[in-house]
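The block underneath contains the structure these notes are about, expressed in structure tokens.
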């Protein structure tokens, strides 16, 4: 694998003209406009969708492009995939580019599955014999064997999307440019797509991926470009970029890794959490990460704090929390409900601190769940989901020969190893995240 | 400009992968032919799609390919041959107008469909890159197929009526090529303009109707009064249709000067179409 640069952009800008008045789209209007202002353009307002963007993406890496709506992500993708030319600057692309800005571009409802595979493949830039060679793989991936001769207008929406993605996934370009296509389809299919894209990236090809879905970005990429209002705000490790993006979105860094009970929170509160804050007994929660802005380095100490309000003690009061990964799996479970726990005896305000000395969560996005309940009566005082989002990076745990990829594991463990040769000599080392 | 879609080998087989540079400037006019060749598979796929869709969910299906020109010629025969009594160079009027309509259908079919093709495929233009000229050019195969079927019907008619054409029939491909190139040039202009100005959509049917009557389809060019002939032959379609008919029906050939004029105009229109298309091509996705 070469370490060359696959995509290199310099001084990239794209200007759109927004008509102050309705744009002339008929010939007489255009002529009238030419007569009024023969040197043109004075009616229009400029909008720079992208301005002076520069970056270099090495061959074989997966890079995410994130940013709020209107940040310029789509414009950048359109330039990279040659749909629209830049106004300034240039891009150098080494290798064949395949872009997937939409699932099923050019699919025709009246054509059969088979016909659409060939048509869509050709539209995406495949030669006819390439499509023929990959036909069986495409059909198998899409799971539509039985419906090949059926017009796709009779397909279920799931089948339609599967077939469309399958064609694109078998494009095998050196540089794959993908827009928010994973927003469609069911969870299982999304996993399949992510897997396929991960395969592409680990196979030495370059993937550029735009998404609003941070879990997908964090599972697929090691690096992100964060765009805001047309310029590149950040270019670096994914976790840090996502944290910065969250901060942009939330209007402040306070939100990363923090939760405040709804009756205390100002404004709309924590809209991303699907919690049932029944009695606001959990007043606040915080995940104290090793790095600022809710970024945690794998293997560093992690502290989690809760403020609890116990107006009435109960002898079987239980508190527990879970750290949940992007695929909604519970990775770590922590609890506090021993027999002599003080909140079972005395009313009052408590601060509960957990300290995990070496938190070896795998890279990705995490949230937290918290439960406060009475074991005997089964009364649930508070049940919080999706609170305190934070990111984990593998920055401290570099492996040179095998870069980390999504799905390597859910949690790392430290270990000691001993390698004994047939001659009796023993070599020792450690696995230390 | 280097096109990166020409080679399809896995990356490790590249000694030095092709480099594509995306810049604000636009491409060369003559590159259009290379684009069409590099993307011939796509061109064929789009043509194939249009052909498949045309007769899907019709009862008579492919029979329409034969029926359409026959019905058209019947109407022309009745209106212009029987009622109006227009002269046809001494050839039976039905044969005469059938041959003319086949050539005219090839020409007007490409101009009309190519002009509307970009707007019709706007979804593709906004979401995928490929040389845009592939879309208007992909209307050619279907029009050629229609023409071929009509030609076979005509040849059957001629053989049955023992009016077997002479060696001049070998010139048919030349007339066809010129008609296709002229139509493609006009289609490129129409398509590129229609992206910004939908007026073209409304002008086009009127313009084509005007051109139909300004061309020798319902009558022979020999009926044009001598003093209007120069003006009349400014329309390149005149010489091309006269030529096609002379090859098939043995009517008089157009003069050498008229033919040369038609060839020159055809090439000029084609170049203008390609030039205009290239100039506007890169803005299509932003405007459409």
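Values quoted throughout were computed directly from the atomic coordinates according to the rules given, and no laboratory measurement underlies them. What you see is a predicted model, and the numbers here were worked out from it, not measured in a lab. With ideal geometry, Cβ positions are generated from the backbone for all residues, glycine too; neighbour counts draw on all protein chains shown.
Within a 10 angstrom radius of the beta carbon, how do B:213, B:93 rank from fewest other beta carbons to most?
Ordered from fewest to most neighbouring Cβ atoms within 10 Å, B:213, B:93 come out as B:213, B:93.
Hull surface divided by four, with the convex hull built on the Cα atoms of the stretch A:258-431: how many nm²? Could the numbers behind the result be given before it?
Values: hull surface 53.7 nm².
Mean projected area for the stretch A:258-431: 13.4 nm², to one decimal.
Over the alpha-carbon set of the stretch A:127-179, work out the extent along each principal axis and list the three values in angstrom, largest first.
Taking the Cα atoms of the stretch A:127-179, the three principal extents are 34, 27, 15 Å.
Which residue, B:155, B:240, B:118, has the most motion in a Gaussian network model of chain B that connects Cα atoms within less than 10 Å?
Answer for the Gaussian network model of chain B: B:155.
Please check: in the Gaussian network model of chain B (C-alpha springs, under 10 Å), which one of B:243, B:109, B:161 has the largest mean-square fluctuation.
B:161
Averaged across A:110-121, how many Cβ atoms of other chains sit within 10 Å of each residue's Cβ atom?
Mean partner shielding for this stretch: 3.
Does anyone have the angle between helix B:199-213 and the longest principal axis of chain B? Alpha-carbon axes, 0 to 90°, nearest 10?
The helix B:199-213 is inclined about 30 degrees to chain B.
Which ordering of A:66, A:331, A:175 is given by a fewest-first count of other beta-carbon atoms within 10 Å?
Going from sparsest to densest Cβ surroundings: A:331, A:175, A:66.
Which angle from 0 to 90°, rounded to the nearest 10, does the C-alpha axis of helix B:256-281 make with the longest principal axis of chain B?
Its long axis makes an angle of about 30 degrees.
For the stretch B:198-275, what value does the Rg/Rh ratio take when both radii are computed over Cα atoms and Rh is the Kirkwood radius, given to two decimals? Numbers along the way, then the final one.
Values: Rg = 13.8 Å, Rh = 13.6 Å.
Rounded to two decimals, Rg/Rh equals 1.01.
Select from B:65, B:83, B:21 the residue whose mean-square fluctuation is largest in a Gaussian network model of chain B (Cα-Cα springs shorter than 10 Å).
Greatest mean-square fluctuation among the candidates belongs to B:21.
Just want the ordering: A:127, A:342, from fewest to most Cβ atoms lying within 10 Å of their own Cβ.
A:342, A:127
Just to be sure I understand: if I project the alpha-carbon convex hull of the protein assembly as shown onto a plane and average over all orientations, what area do I get in nm²?
Averaged projected hull area, Cα only: 45.3 nm².
In deg cm²/dmol and to the nearest 500, what is the mean residue ellipticity at 222 nm of chain B if only DSSP H runs of at least 4 residues count, each as -39500 (n - 2.57), divided by the residue total?
-20500 deg cm²/dmol
Find the centroid of the Cα atoms in the stretch B:79-96 and in the stretch A:344-382, then give the distance between the two in whole Å.
Comparing the Cα centres of the stretch B:79-96 and the stretch A:344-382, I get a distance of 95 Å.
Mind grabbing the base-10 log of I(q)/I(0) for the stretch B:150-208 at q = 0.13, 0.20, 0.22, 0.24 Å⁻¹? Debye formula, identical points on the C-alpha positions, no solvent, two decimal places.
Log10 of I(q)/I(0), two decimals: -0.57, -0.80, -0.87, -0.95.
Would you calculate the volume per residue, in Å³, of the smallest convex hull containing every Cα atom of chain B?
Here the figure is 170 Å³ per residue.
If you average the C-alpha positions of the stretch B:169-213 and of the stretch A:138-172 separately, how far apart do those two centres end up, in angstrom?
Value for the Cα centre distance between the two parts: 38 Å.
To the nearest Å, what is the center-to-center distance of the stretch B:31-64 and the stretch B:112-129, using C-alpha atoms only?
Here the answer is 14 Å between Cα centres.
Could you work out the relative contact order of the stretch A:258-431, using alpha carbon pairs under 8 angstrom and six or more residues apart, expressed as a whole percent?
Reported as a whole number, the value is 25 percent.
Kindly express, to the nearest 10 degrees and within the range 0 to 90, the angle between helix B:40-54's C-alpha long axis and the longest C-alpha principal axis of chain B.
Rounded to the nearest ten degrees, it is 50.
Please give the direction-averaged projected area of the C-alpha convex hull for the stretch B:178-241, in square nanometres with one decimal.
If you wrap the Cα atoms of the stretch B:178-241 in a convex hull and average its projections, you get 4.7 nm².
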